[in-house]
């Protein structure tokens, strides 16, 4: 019988090899805990945040990953320019508003690969791609065993769902989700570019455009349009994209060659939920909350969550202590998340109104410093 078809004992099973699951695996592995990460995709996912703001950068630096990201081509930036109806709105300078003084931009997949690369040096961490959780066995409020699609059965002290999708673990915890909907949709493409500043444009007609470098030779372009126009702009193309953008975007080089057919939808998943655990089953990352992309903070917060959870899982010696520590240290993260979600919601509902947007823009929350 092969290693992959027998019942094995580990300390922690993690669903999802995204940034939060990968970082949690690394931190637990460095404590000597035996960890199995289960990822249904065949490889690292490419869809995720490209921004790393001070809150997340401090975590990466603390765990020796910041230089790894720089070596992978991370771009250091300090300023984001905001415009409304073609006129300057504000210029956010990280050197002025944050202690760290900069942010990094790097494709999401590169950040995850950097963390997984560090995991590869740990004999106690097993990353399994193209594998999914198929069932869980429970005794009371505790998960005792999980079955995987590769035939493996795993027993563990704790089971963490960082997948961001419906799984038997999330069903077991039964978190109550409060979903937030918006009257605009976001679409994204990547273009050749050597720009050096991030530029965010708003329109009083509820359009927006965000242009920023993601590598030395390319930039992301996000375009937000009123929901009722999404099909006309990006699918039927009966409304000309560049004509609409030119009415409020001053960076003509960034929009002149845009092709509406090259855009793909970037889902806006904003929500709060709770509780974050039941017994030894725990939610993490996209399974716990979602904030509007305007905050640029979701990934940094989930990395912070992973460090809190790693400390709890490393310290707890039995089920009762685990439940107590999760309640004391991890469940309070819901209040932190709710504040960020509320902030993103305010930004998303007021960007079309110049004065209202300036009224809700928060220099501390936007920069991500812990103050």
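Just so it is clear, none of the values below were taken in a lab; they were calculated from the coordinates. Keep in mind it's a predicted model, so treat the numbers as computed, not measured. Because the Cβ atoms are built from the backbone with ideal geometry, glycine has one as well, and the counts that use them run over all protein chains shown.
Report the rotationally averaged projected area of region 164-228 based on its alpha-carbon convex hull, in square nanometres.
Working: hull surface 28.0 nm².
Averaged projected hull area, Cα only: 7.0 nm².
Let me make sure I get this right: for region 184-265, a, b and c are the square roots of the gyration tensor eigenvalues over alpha carbons, sorted descending. Under 1.5 in a/c it's rounded, otherwise prolate if a/b > b/c, else oblate. Which is it? Note, shape of region 184-265 comes out prolate. For the pair region 323-348 / region 14-32, the C-alpha centres are spaced 20 Å from each other. Axis angle, to the nearest 10 degrees, between helix 298-315 and the longest C-alpha principal axis of the chain: 20 degrees.
Its Cα gyration tensor gives region 79-197 an equivalent ellipsoid; the semi-axes, largest first and in whole Å, are 41, 22, 16.
Rounded to the nearest 10 degrees, the inclination of helix 333-350 to the longest alpha-carbon principal axis of the chain is 20 degrees. What do you get for the angle between helix 108-119 and the principal long axis of the chain? Use alpha-carbon atoms, 0 to 90 degrees, nearest ten. Compared with the principal axis, the helix lies near 30 degrees.
Full extension of the chain segment joining residue 93 with residue 227 gains 45.1 nm, where the gain is 0.36 nm per residue of separation less the Cα-Cα distance. Here the spin labels are modelled as points 7 Å beyond Cα on the Cα-Cβ line, and at residue 120 and residue 171 they lie 3.6 nm apart. When only alpha carbons are used to place a centre, region 240-307 and region 106-154 end up 24 Å from one another. The stretch between residue 240 and residue 130 holds 35.6 nm of extra length on full extension. This uses 0.36 nm per residue minus the Cα-Cα distance. Between 336, 308, 223, the Gaussian network model of the chain with springs among Cα atoms under 10 angstrom shows the greatest mean-square fluctuation at 336. When Rg and the Kirkwood Rh are both derived from Cα coordinates, the Rg/Rh ratio for region 7-83 amounts to 1.05. The coefficient of translational diffusion for the chain, derived via Stokes-Einstein from the alpha carbon Kirkwood radius under 4 °C and 1.567 mPa s, stands at 60 µm²/s. Between residue 319 and residue 205, the modelled label-to-label distance comes to 6.1 nm, taking each label 7 Å out from Cα in the direction of the beta carbon.
The length gained by stretching the chain between residue 62 and residue 259 to full extension, at 0.36 nm per residue less their Cα-Cα distance, is 66.8 nm.
Consider a paramagnetic label point 7 Å from the Cα of residue 196 along Cα→Cβ; state which residues of region 82-102 have an amide N under 18 Å from it. Within reach of a label on residue 196, which here means backbone N under 18 Å from a point 7 Å along Cα→Cβ, region 82-102 contributes 82, 91-96, 102.
Expressed to the nearest 5 percent, the antiparallel share of DSSP beta bridges inside the chain is 65 percent.
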